[in-house]
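The values are calculated or read from the model by the stated rules, or taken from the named source; none is laboratory data. Quick caveat, the model's predicted, so the values are computed rather than measured. Cβ placement follows ideal geometry from the backbone for every residue including glycine, while neighbour counts extend to all protein chains displayed.
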Amino acid sequence: MHTSGSRIVRVGTSLAVPVRRRALVQGLAVVAALVAVGIATLTLGGLGIAPERLPAALIDIPGGSEGFVLKRLRGPRFVVAVATGAALGISGALFQTVTRNPLGSPDVIGLTAGAGAGAAAASLLLPGAVSVPAGAMLGAAGATVVVFVSTGRGFSSPSRLIIAGIGVSAMAVAFTQYVVMLQSRDQAAVLHAYLTGSLSARSWQNAAVIGGALAVLLPAAIALGRRLHLIEMGDELADALGGKAEQTRVWSIVVAIALSAAAVSVAGPIAFVSLTAPQITKRLSRTPGANVVLSALTGAFILAAADLCAQQVPVVEDLPVGVLTAGIGGLYLGYLLVREWKKGTV
Amino acid sequence: MLVGSVLLLGAAVLAGLALGSNPIPLPEVIAALSGGGDAYTRTVVESRIPRTLQGLLVGACLALSGVLVQGITRNPLGDPGLLGVNIGASASVVTATAFFGLGGHATIWAALPGAFLAVGVVSLIGSGRGGATPVRLVLAGAVVSAVLSAYIQAMTLSLPDVFGSYRYWVVGSLAGGDTDTLLGVLPFAVAGLVLAVLMAAPLNALALGDTTAATLGANTTAIRIGGMLSATLLCAAATASAGPIAFIGLAVPHIVRALVGNDHRWQVPLGLVLGPVLLLTADVLGRVIARPQEIMVGVVTAFVGAPALLLAVRRMRAGT
């Protein structure tokens with residue numbers, strides 16, 4: 001696995017991490033872009049903090065309107081955007097590697113659709129008693145359980161998983177559309193907006209939920225990502241090398257589901273980040289495998305940048321960020337495909 | 001197999017005519033069809049004829065376009081919706097409602113160009129120098145769907161009136177079926193059906209893989225283009241007349257493959273029969289379970305077809 005351009009970084013005697021130069025440069029570039037988006041998020045617009053005052057404001061949080069913007073308005077919103085984007089990116093990377101399908105993502109196994117149906121059910125059956133995000137969370141969990149049961153073999157068979165996911169999604173989407181049609185126009189519009197996925201008015205509590213999920217699951221995802229790399233050589237060889245193919249696949253999917261459920265609970269079902277982030281990462285870094293860290297960074301960047309647009313760009317202001325992720329992510333993926341087509345690769 | 005399915009279809013058609021908010025016993029239905037019976041029964045049965053015909057047409061179209069798309073992309077996720085047909089139709093219906101104030105019958109003519117445009121763009125992005133590969137087609141479809149659904153969401157979120165009518169159309173229903181709608185889409189559907197029948201044997205060659213197919217003398221690019229054209233015609237016609245009914249095109253090919261295996265020369269006729277069976281049964285169920293209200297067929301197809309698909313998944317051979 002010692003390919004050209006990679007170095008082994010050793011910490012003590014027990015930890016040795018291969019670092020590819022290209023991947024490192026790419027990672028640093030995405031981090032830089034992410035910081036730039038963060039600065040823009042905090043400084044732009046009528047309420048923005050003056051750029052020259054930003055460093056001081058970050059160290060010693062001022063009172064008044066600047067403190068309000070930093071502590072209540074844009075600070076938590078940016079943190080939630082980054083963490084949610086990272087969670088979605090990882091989740092997509094794990095799914096796509098396990099299922100060996102570029103369409104493999106939590107959206108495909110019905111989790112997002114289940115969240116939508118849960119939200120719809122909450123707003124229709126028990127308005128007030130169950131909050132809409134809680135309904136979404138329950139729906140996501142419910143859909144996952146149905147998929148798990150109906151494959152007959154849990155999460156261990158990728159192709160069964162996808163087909164079962166399609167079935168469950170179809171039911172969930174149909175139910176959601178039916179509820180949207182039944183409700184009064186105002187209620188339907190509120191539900192419709194939630195189902196798009198939005199980051200407006202997020203609090204530090206939301207940030208804590210998604211941040212906590214990431215803190216627990218990111219190390220697990222990185223470890224699994226390495227083992228997934230072994231599996232790509234074939235199950236028997238992976239088992240011989242200690243890769244434990246079956247077990248790795250099941251746990252990868254469990255982690256992926258937990259991450260995207262956490263993302264749904266804070267931001268609603270934001271489409272397309274988990275689908276695009278790993279694809280973009282793979283095309284830029286030109287490495288096979290899950291690329292967990294890079295996909296996380298790319299996902300964070302996509303979502304934060306899209307949310308910046310949702311706050312500042314005149315035409316799309318007031319639209320939920322889910323509309324923009326689909327638009328921006330989709331166009332970029334299209335651009336990459338066309339570029340590859342011109343170069344004649346793939 | 002085929003005979004059995006045709007019998008099933010006959011039963012589904014009779015049920016479509018007999019059942020509803022006002023059920024009529026079968027002997028009277030047959031009497032009414034042959035011109036007898038009392039005037040009231042005749043009126044009720046006749047009012048259900050266009051809807052049943054529409055169900056036949058839409059079901060056949062959706063099922064066949066599913067068979068074709070799964071054949072072309074060699075992907076069990078294949079669904080005409082995957083190549084952008086439904087989303088293209090939806091986007092242009094939204095545009096027509098927002099900017100030209102169209103509604104009612106005019107949505108048919110709004111849906112068709114959008115569907116073709118979307119599939120055209122998908123094929124263009126999806127085909128590279130070496131021709132379209134399944135993965136690239138699917139990815140291109142995902143790109144176009146994402147961009148268009150963002151557009152639809154943006155329009156429906158900012159224009160409440162558009163959302164007001166769109167949310168009814170998008171569920172998918174046969175309730176609006178009348179003879180004019182049917183005649184409007186019939187030419188497209190027939191053209192698609194004929195092309196689909198012609199494509200059956202070439203698709204078998206494609207199933208062997210591009211290289212083998214080319215060695216056998218098949219023109220893979222021509223097969224893909226023909227298949228896409230046919231699938232688009234079929235699915236656009238269905239969507240234009242009944243709204244997007246997503247599940248039939250996905251489920252029927254799976255059921256058909258479980259029954260007759262991978263030969264497209266059997267898959268096409270069987271899909272042609274089983275598609276309407278599934279759709280009509282779903283429509284009848286929707287009319288019966290919540291009487292006197294109706295549940296739209298788009299909702300019912302999902303709840304009938306999906307459990308069938310889940311059962312099929314359980315029965316898949318071990319190791320797949």
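Is it the case that B:Ser165 is modelled with pLDDT under 80, in contact with a Gly (Cβ under 7 Å, 6 or more places away or on another chain) and not in a loop (DSSP other than H, G, I, E, B)? Yes.
The residues on offer are B:Thr181, B:Thr215, and the sole one that is free of Cβ contacts under 8 Å to residues at least 12 places away in the same chain and of a type in the set (Ser, Thr, Tyr) is B:Thr215. Flag: A:Ala326 does not match the condition of being more than 12 Å from chain B (Cβ to nearest Cβ) and more than 15 Å from A:Ala93 (Cβ to Cβ).
Quick one: in the stretch B:110-134, of everything that is modelled with pLDDT under 75 and touching a Gly at 6+ places or on another chain (Cβ under 9 Å), which residue is surrounded by the fewest Cβ atoms within 10 Å (Cβ to Cβ)?
B:Arg129
Just to be sure, is A:Thr176 crowded, with 20+ Cβ neighbours inside 10 Å, of a type in the set (S, T, N, Q) and closer than 20 Å to A:Phe78 by Cβ?
Working: crowded, with 20+ Cβ neighbours inside 10 Å: yes; of a type in the set (S, T, N, Q): yes; closer than 20 Å to A:Phe78 by Cβ: no.
In short, no.
Taken over the stretch A:162-219, the residue count meeting the criterion of being β-branched (Val, Ile, Thr), within 14 Å of chain B (Cβ to nearest Cβ), in contact (Cβ under 8 Å) with a residue 12 or more places away in the chain and farther than 16 Å from B:Val171 by Cβ is 5. From the list A:Ile302, A:Ile257, the lone residue that is within 14 Å of chain B (Cβ to nearest Cβ), crowded, with 22+ Cβ neighbours inside 10 Å and either in contact with a helix residue (DSSP H, G or I) (Cβ under 7 Å, 6 or more places away or on another chain) or in a helix (DSSP H, G or I) (or both) is A:Ile302. The conditions of being loosely packed, with under 14 Cβ neighbours inside 10 Å, among the hydroxyl-bearing types (Ser, Thr, Tyr) and at pLDDT below 75 are met by B:Ser21.
Within the stretch B:175-189, none of the residues are crowded, with 20+ Cβ neighbours inside 10 Å, within 14 Å of another protein chain (Cβ to nearest Cβ) and in contact with a helix residue (DSSP H, G or I) (Cβ under 6 Å, 6 or more places away or on another chain). Residue pairs whose Cβ atoms lie under 6 Å apart, sitting 6 or more positions apart in sequence or on different chains, and linking a residue in the stretch A:222-233 that is in contact (Cβ under 8 Å) with a residue 12 or more places away in the chain to a partner that is surrounded by fewer than 16 Cβ atoms within 10 Å (Cβ to Cβ), are A:Leu230/A:Leu241. In a residue-by-residue description of the stretch A:141-157, the property of being in contact with a Ser or Thr (Cβ under 6 Å, 6 or more places away or on another chain), part of a helix (DSSP H, G or I), within 11 Å of chain B (Cβ to nearest Cβ) and farther than 23 Å from A:Val293 by Cβ applies to no position.
Being part of a helix (DSSP H, G or I) and more than 11 Å from chain A (Cβ to nearest Cβ) is the filter here, so list the residues in the stretch B:286-306 that pass it.
Of the stretch B:286-306, the ones part of a helix (DSSP H, G or I) are B:286-289, B:297-306.
Selection gives B:Arg287, B:Val288, B:Ile289.
The single condition from (1) more than 11 Å from chain B (Cβ to nearest Cβ); (2) in contact (Cβ under 8 Å) with a residue 24 or more places away in the chain that A:Val313 fails is (2).
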